[in-house]
Amino acid sequence: MVTARRQSHPRPQTLARRREILEAAAEIFGSKGYTNGTLSDIAEQVNMTHPGILHHFGSKDQLLMEVLRFRDETDVQNLDGQHIPDGIDFFRHLVTTAFTNAQRAGIVQAFVVLSAESVTDDHPARDFFMDRYRTLRAEARHAFEVICAERGMVPPDTVALASAAILAVMDGLQVQWLLDPSDVDLAKASEFAIEAIVASVLEPRGSILPRDHPSA
């Protein structure tokens, strides 16, 4: 008779310690960047040793990926099934995320710094961010398609452009807000931009800007 191996689960103390390390790593990477932020910096933040950090995460690269996953998990932790919604609720979720981000500058800063660094050669998070943006653009396009189907309309050619633009505006506003939070209202500016872009796709009214540049 073969006895099934009992599956072990991390103890609550271990999970709490890992979360503490992730939060410290997000703060260090956000303030110093991935390259300049060291495991020793993180260890000092949580009163641990360098080997202690490696015991929980194995390597600095692995810790970075866990920080990024931790950030994304916090975005969906209060959603039904912890999944991003579809249709018009997808865009409502983006607005809600912007309002949430306005209350968590540390996490936003870590994301902004790491996403910018990821464009450099051989950065360990490059594939993560490429996949993340591809997935979000696809989810935005699908949300537009769902809304158009509900309205009995053919998705316009601007769907792909709008999907990329919404993500770009949200991320760009985060940079402006981090630099000058007293002058930039991250939540309301994001809401305004998302509503304007969604409306331009679903209720197009033509361009109000003269096109004096060559067509692509």
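Which is within 17 Å of the chain's Cα centre (by Cα) and assigned by TED's automatic domain parsing to the domain that holds A105, of A189, A164, A196?
A164
So in the range 25-50, with the set limited to residues that are part of a helix (DSSP H, G or I) and at pLDDT 90 or above, which one is surrounded by the fewest Cβ atoms within 10 Å (Cβ to Cβ)?
It comes out as S40.
Got a sec? Which of E117, E73, E145 is at pLDDT 95 or above and not assigned by TED's automatic domain parsing to the domain that holds L22?
E145
How many residues are touching a residue at least 24 places away in the same chain (Cβ under 8 Å) and either in contact with a Cys (Cβ under 9 Å, 6 or more places away or on another chain) or over 18 Å from I197 (Cα atoms) (or both) if we restrict to the range 134-154?
Result for the range 134-154: 1.
Would you confirm whether any residue within the range 177-186 is more than 15 Å from N101 (Cβ to Cβ) and within 16 Å of the chain's Cα centre (by Cα)?
No.
Of the residues V95, V108, only one is crowded, with 18+ Cβ neighbours inside 10 Å, closer than 24 Å to R132 by Cα and modelled with pLDDT of 90 or more; which?
The conditions single out V95.
Which of the residues belonging to the range 118-133 are crowded, with 18+ Cβ neighbours inside 10 Å and part of a helix (DSSP H, G or I)?
Matches in the range 118-133: F128, F129.
The values are calculated or read from the model by the stated rules, or taken from the named source; none is laboratory data. Treat the numbers as computed from the prediction; the structure is a model and nothing was measured. Heads up, the Cβs are rebuilt from the backbone with ideal geometry, glycines too, and the neighbour counts pull from every protein chain shown.
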